[in-house]
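Here is the structure we will look at, set down as structure tokens.
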Amino acid sequence: MNETIIYLNHETALPPHLANYATAFRLPENGVYLLYDDEILSLAKAGEKGRVCVDFAGGAAHYRRTKGGGELIGKAVNHTSQPTVWDATGGLGRDSFVLASLGLQVRTFERHAAVFALLIDGVARAFRQPEIAEIVQNIQLIHGNAADLFTEHAAQFGKPDVVYLDPMYPERQKSAAVKKEMAYFHELVGQPQCNDDEQLFTAARTVAKKRVVVKRPRLGEFLCGVKPAYQYEGKSTRFDVYLPFQAA
Ligand SMILES: C[S@@+](CC[C@H](N)C(=O)[O-])C[C@H]1O[C@@H](n2cnc3c(N)ncnc32)[C@H](O)[C@@H]1O
């Protein structure tokens, strides 16, 4: 997907938060594409039924919010100290939402234009539901490469206490546990680039005041091969905590 086009099944106007995107009616014959249908923007794949959307009201988000699914990530960012968090790798916003539901102010960066459109749509829908509107108010969405934007944002808004990173992890693509729909997301965003990770990791450790938290599969390698100061380990996920350069 080179440019961000939103496909429509029938003559419907896009809602105001998506009004700037180009639209088309003839669905693509292959690959993944953005589809606006039933008032939801989702990622679809030609010839496949599954869809991927940002869903802050759905079962998984509700479970993580109410059944303590955010416990480990909360500990990793030390949420009881009420840190400001910059989530540099927004994706489908699930981690940002858990952090926001812990009452933290989260600035969420996403560089991929189509993923960013999915995020804006998820937030716009969440604002219509009082129970979760209060949570998404804590999330500020920023479109762009976090590594390029950190300095400018720090000058304007102050440095964050914590930078949170969940870069794409190569082995996830091969894992049988990756659901078919999530494979669309991987197809859209592509393979991680080693240089990218290094640039982002350095920018994060430069701007964070207290810590940088990196999410990894439980048995995954360290980001850029750097050993963390300490770790929080769950059943399938691990959070590696690094000290900022100024404190290391
Ligand atoms: C594995 S996903 C993150 C999933 C996310 N934690 C969630 O809970 O849904 C990684 C995302 O980070 C984005 N990304 C990677 N490097 C980035 C950067 N330097 N700046 C902004 N976004 C970035 C990718 O486009 C992708 O959408």
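The values are calculated or read from the model by the stated rules, or taken from the named source; none is laboratory data. Quick caveat: nothing in here was measured; it's all calculated off a predicted structure. Methodologically, a virtual Cβ is constructed for each residue, glycine included, from the backbone with ideal geometry; neighbour enumeration extends over all protein chains shown.
Quick notes on this one:
- Verdict on residue 143 being within 14 Å of the ligand (Cβ to nearest atom) and over 26 Å from residue 41 (Cα atoms): no
- Scan of the range 179-200 for residues that are part of a helix (DSSP H, G or I), more than 16 Å from the chain's Cα centre (by Cα) and not charged (D, E, K, R), ordered by number: 194, 195, 199
- Members of the range 179-208 found to be in contact with a strand residue (DSSP E or B) (Cβ under 8 Å, 6 or more places away or on another chain) and of a type in the set (Val, Ile, Thr), listed by number: 207
- Residue in the range 94-121 that is surrounded by the fewest Cβ atoms within 10 Å (Cβ to Cβ), counting only those that are over 12 Å from residue 140 (Cβ atoms) and among the small types (Gly, Ala, Ser): 103
- Residue check for residue 30: at pLDDT below 95, within 30 Å of residue 154 (Cα to Cα) and away from the ligand (no atom under 14 Å from the Cβ): no
- Here residue 20 meets each of (1) closer than 21 Å to residue 185 by Cβ; (2) part of a loop (DSSP other than H, G, I, E, B); (3) of a type outside the set (Lys, Arg); (4) under 22 Å from the mean Cα position of the chain (by Cα) with one exception, condition (1).
- Candidate set from the range 83-106 (those that are within 12 Å of the ligand (Cβ to nearest atom), of a type in the set (Val, Ile, Thr) and not in a strand (DSSP E or B)); member that is modelled with the highest pLDDT: 89
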